[in-house]
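The values are calculated or read from the model by the stated rules, or taken from the named source; none is laboratory data. Since the structure is predicted, the reported quantities are computational estimates derived from the model, not experimental observations. Counting neighbours? That spans all protein chains shown, and the Cβs are built from the backbone with ideal geometry, glycine included. Note: accessible area is taken over every heavy atom of the protein model, side chains too, but ligands, DNA and RNA are not part of it. Shrake-Rupley method; radii C 1.70, N 1.55, O 1.52, S 1.80 Å.
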Amino acid sequence: MAPKKLGLKQRYAHMTRGLDWETTYQPMDAVFPYDTFEGIKIKDWSAWEDPFRLTMDSYWKFQAEKERKLYAVLDAFAQNNGQTGVSDGRYINVVKLFLTGVSPLEYQAHRGFAFTGRHLRGAGPRIACQMQSLDELRHLQTQIHTISHYNKFFDGIGEFPHMHDRVWYLSVPKSFFDDARAAGPFEFMIAIGFAFEYLLTNLLFVPFMSGAAYNGDMSTVTFGFSAQSDESRHMTLGIEVIKFLLEQHPDNLPIVQKWVDKWFWRGFRVLGLVAMMMDYMLPKKVMSWKEAWEIYFTEAGGSLFQDLERYGLKVPKYADVATEAAEHISHQNWAVFYQYSHAAAFHTWMPDKEHLDWLSEKYPNTFDKYYRPRWEMWAEMEKEGKRFYNPSLPQLCQVCQIPMAYTEPGDPTKIAFRCTEVAGETYHFCSDGCKDIFDAEPEKYIQSWLPVHQIFQGNCGGATVPDVLNWYRMNVGADNMDYVGSPDDRLWSEWHAAKTREAV
Amino acid sequence: MSVQIKTIDLEPKRQTFGHIARRLGGDKPATRYQEATLDVQATANFHYKPLWEPEYWLYDTRKTAVVMEDWYKPLDPRQFYYGTYNIARANMQQAVDRNFAFVEERDLLGKAGEAVKARLISGLLPIRHLHWGSNMNMAEICQRGYGTAVTAPCIFSAADQLGMAQIVSRIGLVLDGQSGSSLDAAKEAWLTAPAWQGARRLIEDSFVERDWFRLFVAQTLGVNAVLLDLVYRHGEAAWGTAGLTVAMLTEFMADWRAEEGKWSDVVVKTVAAESPENLALVSQWAKEWIDRAEEAGRPLSVDLVGDESAATAAADAARTRARGLGLTL
Ligand SMILES: [Fe+2]
Ligand SMILES: [Fe+2]
Ligand SMILES: [Zn+2]
């Protein structure tokens, strides 16, 4: 009798988890020292359903093919000076924000998934995590190679790793990922695998890529398409992890719920940068932040949580606050960068009339009432030669590290402040969401490397703004300040003039 | 005469990123390997101590006893970044697929006879578990190590080890008519057969190694250079009439060893050459792990070739190699 042939699933199991064994010369708890302290209970790792079935040979083949195509486009883009074909010179500032703020997170994800790819006790999830670790390294490296060409012509890009570790607003994404990586392996999987890659990915990754498509950035959009199949693998891993944890033991539910609440809020705060990018920085707009929030969080997230309801999981705490804030955050963030343009590594600009009209239309409840008057006032001041800069250093939220400029839920005229006292020290927060996160783990968040505190403590190159900018390696007069009149602006205008001359 | 397409020449403001230019000693065009690798890991201003290891920062030079003034000295001679790495492996994998097709079409393993098949199941297939353990170690070094120059090739190496474990598994599936029974038998051998217990103990001991560079030495000079070479190179005689077939089906492993060895040798050599203290540590680690691997390989050698000669030959070759890297053994 011929032996019974394996089905695909069994074959894959032999190729992956079948390789694993229970160690006996060393205790399993010594081999996997980190997967118990968070209190997550796993009864049976073998119940893990592989979210995708890729063996290394098909991974290599598939990824190599994508890389060949992507690099062909990047080479062609550089050869044909594709950067001259984007919608407007202002667009490049989106690319700057991406490389300084987001790409280093890809690197952190790479190392973080190497950690879970070694330290989760189940072999199935380990392999999926290792593939994601490889993918995230890919994302970092292909983003560097994509943006490398822009760096040859535009300012504010060339010191991205140095800036990511130092500049005030970049501590927002940096501390977000440091937080996830400093957490245990299960929390990391919920924070990054589920909250970031599944729940919020359409509000982070996708807006940048759609923005690139709308604004003629052919290299970034090609990267985006090329990364799409990686991202869908990451999403299936994220959703499998949360279901697996919830199925394994009822005691996991409150822990997972706490993490979902926390990482939803933490992620939402980081997304404020994306909100501003969508509403203010894209010369050709894709959609407003509010619209994106409605589609990707309220609707898509809503049905996701309906699906997860059977495990007892609830919609994240403060989701309603975030939805209300979708009316405000982009305007409040751009106003912060406008005031602190001298200390930012990308350019800001005053929205023109057409842009203000678009915002009025997209935000009928709030824009004309609260934000348009401010832009018009600042435009007036610009005209009088009194362009407004804020000379003081802002107070930062101890958790999300964003300057305290967000307003009270339901009252956009009042700045929100919260605080907690620990061991005689007062800590400040931008919101109830951030305060809750702090109160749950004060020992962690009192450690925050807050850029403004660090400046006051003399750890950032000196006491004056020029000292600090120098320490940031910011090329003053090129990297910072308004777009209008910047070297970027002059270069763009030259190219544009040359193009018009040729056309005549 | 040549065809000349006119393109617009725009003068770049700069050739590369600031951190790359500082390393190149000026603003010069950089390679993709350099831009993708140098200084991309964070080095400063970490926010929180990890809950799982509060004595260190996430990236911390103190996680190994060796000290480097700059962890971007040990560069990869293959200049691998993600794209070139995957393309290189996809090409190697094409040869694997051709070889498997060749062997399967001609039923070369089926014709080898039951005795040889049994030999392969107990003597070759269990090595897939050693590859899997090696995968765990390389993932560990990637997460725990310092500096992308070393850590990025480690995740590539982890993937390679998994890939090789899967190639060995495919050999098993050819042997057992795609039923998986040979893999079950080989796992049993890995867990209980005396021939494999030395290897299993060695790799399990490496799992609890906390010093990541010591683990790097253990893995590359102990596991790879002694145990993998013992089976794939010095133990060939064990496969009898199937020797050539096995050589074909494990061609990937031979090519990989030659290629990855170039990289791991540069890393060990560069770190050892940094200081007398490093040299003493790396030499001591290399000696210890080569000795342990030889010890672990003896019963395997006896099982495969009838005496300890394959273990001795592999360990001696590893020692010669280590001396060639400047280590004092
Ligand atoms: Fe990514
Ligand atoms: Fe991802
Ligand atoms: Zn906050």
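Structure values in brief
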{"quantity": "Net charge of Cβ neighbours under 10 Å - reference A:G433; Lys, Arg +1; Asp, Glu -1", "calculated": "+3"}
{"quantity": "Apportionment of accessible area to carbon and sulfur, the protein assembly as shown, percent (1.4 Å)", "calculated": "55"}
{"quantity": "Cα gyration tensor shape of segment B:104-191, rounded if a/c is under 1.5, else prolate or oblate by comparing a/b with b/c", "calculated": "prolate"}
{"quantity": "A:W471 versus B:Q284: modelled label distance in nm, points set 7 Å from Cα along the beta carbon direction", "calculated": "3.9"}
{"quantity": "Residue-averaged [θ]222 nm for chain A, counting only DSSP H segments that reach four residues, each worth -39500 (n - 2.57)", "calculated": "-16500 deg cm²/dmol"}
{"quantity": "Equivalent ellipsoid semi-axes - Cα gyration tensor, chain B, angstrom", "calculated": "38, 27, 18"}
{"quantity": "Cα-based convex hull, the protein assembly as shown, per residue volume (Å³, whole number)", "calculated": "186"}
{"quantity": "Along chain A, longest interval not containing exposed GluC sites (Glu not before Pro), exposed being DSSP loop plus at most 15 other Cβ atoms within 10 Å", "calculated": "A:50-383"}
{"quantity": "Potential lengthening between A:K284 and A:I446 on full extension [0.36 nm per residue; Cα-Cα distance subtracted]", "calculated": "54.2 nm"}
{"quantity": "Cα-only radius of gyration and Dmax that characterise segment B:18-88, units Å", "calculated": "15.2, 42"}
{"quantity": "Model label zone, A:A423; criterion: amide N under 16 Å from point 7 Å along Cα-to-beta-carbon; scope segment A:163-207", "calculated": "none"}
{"quantity": "Cα-projected label distance for B:K73 with B:D184, points at 7 Å along beta-carbon direction, nm", "calculated": "5.4"}
{"quantity": "Longest site-free stretch - chain A; sites: chymotrypsin sites (Phe, Trp or Tyr not before Pro), DSSP loop, at most 16 other Cβ within 10 Å", "calculated": "A:53-387"}
{"quantity": "Average beta-carbon neighbours from other chains, 10 Å sphere, peptide B:174-180", "calculated": "5"}
{"quantity": "Number of partner chain Cβ atoms within 10 Å, mean per residue of B:139-149", "calculated": "5"}
{"quantity": "Where GluC sites (Glu not before Pro) fall in DSSP loop in segment B:156-217, at most 10 other Cβ within 10 Å", "calculated": "none"}
{"quantity": "Average beta-carbon neighbours from other chains, 10 Å sphere, peptide B:36-44", "calculated": "6"}
{"quantity": "Accessible-area value, A:L246, 1.4 Å probe, nucleic acids and ligands omitted, Å²", "calculated": "20"}
{"quantity": "Rounded Å value of the spacing that divides the Cα centres of segment A:49-67 and segment A:422-477", "calculated": "42"}
{"quantity": "Rounded Å value of the spacing that divides the Cα centres of segment B:308-325 and segment B:145-207", "calculated": "22"}
{"quantity": "Label-to-label distance, nm, for residues given as A:E361 and A:D44 (7 Å Cα→Cβ offset)", "calculated": "5.8"}
{"quantity": "Entries in A:K9/A:K43; B:K13/B:K269; A:K96/A:K285; B:K73/B:K287 that, when Cα-Cα distance is taken, lie over 27 Å", "calculated": "B:K13/B:K269"}
{"quantity": "Alpha-carbon Debye profile of segment A:1-81, log10 I(q)/I(0) at 0.12, 0.15, 0.19 Å⁻¹", "calculated": "-0.68, -0.84, -1.01"}
{"quantity": "14 Å reach of a label modelled at A:D432, 7 Å along Cα-to-Cβ, counting backbone N of segment A:383-413", "calculated": "A:408-411"}
